[in-house]
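First up is the structure itself, then whatever we jot down about it.
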Amino acid sequence: MNLPNKITVGRILMMFVFLVICNVDELIPDDGLRAWWRAVGLMFAMLAGLTDILDGYVARKYDLVTDFGKLMDPLADKILTATTFIMLVDKGLLPGWVAVVVLSREFMVTGLRLLAARKGEVISADITGKVKTFVQMVFLVFGGSMWVGWIPIPAESAMVSHLWMGFYLCVVAVTVFSGLAYFVRHRDLYRNV
């Protein structure tokens, strides 16, 4: 297994560590220790997000692109997105419908990519997909900072509540626009099905 593929597998493992931390954090009785534990979890999630950039860069720069990487990298990205958005819902920080919209877009674009692959085509990430990923990552760091306690939760601050709502509505808009852009640009794949 080459280095980019190891980084991709590492991203998946980091998300499972993050998931465990999210599900045992309430068992820690000391608030100071709990905040530290959550900060460790957030660092795992942020590091996993950074590996998304790193594995692709290394694979392209050193010509280490493999079939395994082409399959697992997008799946690792979906695991990262699903885990972090679902955990924000689980912690009461995000309305469930936001996660449904985000995950629906991910599954639909993955389906479009599978359809393209069956026809011998590859759909690469375009600028809207890259902007979507960047906006979501910044959003998730903000949400994780509320979970850790570095930023007040929306119920404790009207300003944070309005900022958070504006932020997740922006994420939904960018996510939906990005998904539609893929389907419009590649409409020839499904026009005659």
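Just so you know, all these numbers are worked out from the coordinates, no wet-lab data involved. The structure displayed is predicted, hence computed values, not measured ones. Neighbour counts are summed over all protein chains in view; Cβ atoms, including those assigned to glycine, are modelled from backbone coordinates with ideal geometry.
Summary of computed values
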| quantity | calculated |
| --- | --- |
| Fewest-first ranking of SER124, SER104, using other Cβ atoms within 10 Å as the exposure measure | SER124, SER104 |
| Part-to-part distance (alpha-carbon centres) for segment 119-134 and segment 144-175, which is given in Å | 27 Å |
| For LYS132, LYS61, LYS91, order by how many other beta-carbon atoms lie within 10 Å, fewest first | LYS61, LYS91, LYS132 |
| Nearest-ten-degree value, helix 3-24 long axis tilted from longest Cα axis of the chain | 30 degrees |
| Cβ-based exposure ranking for ASP126, ASP55, ASP63, in which fewest neighbours within 10 Å come first | ASP63, ASP126, ASP55 |
| Per-selection Rg to Rh, segment 1-142 - Cα, Kirkwood hydrodynamic radius | 1.00 |
| HN-Hα J in Hz across segment 132-149 - Karplus 6.51, -1.76, 1.60, θ = phi - 60°, x for Gly and Pro | 4, 4, 4, 4, 5, 5, 4, 4, 5, 5, 4, x, x, 5, 5, 4, 5, x |
| Within segment 3-189: Cβ-based charge dipole about Cα centre, in debye rounded to nearest 20 (Lys, Arg +1; Asp, Glu -1) | 600 debye |
| Linear extension gain, LEU50 paired with LYS130, 0.36 nm per residue minus alpha-carbon span | 27.5 nm |
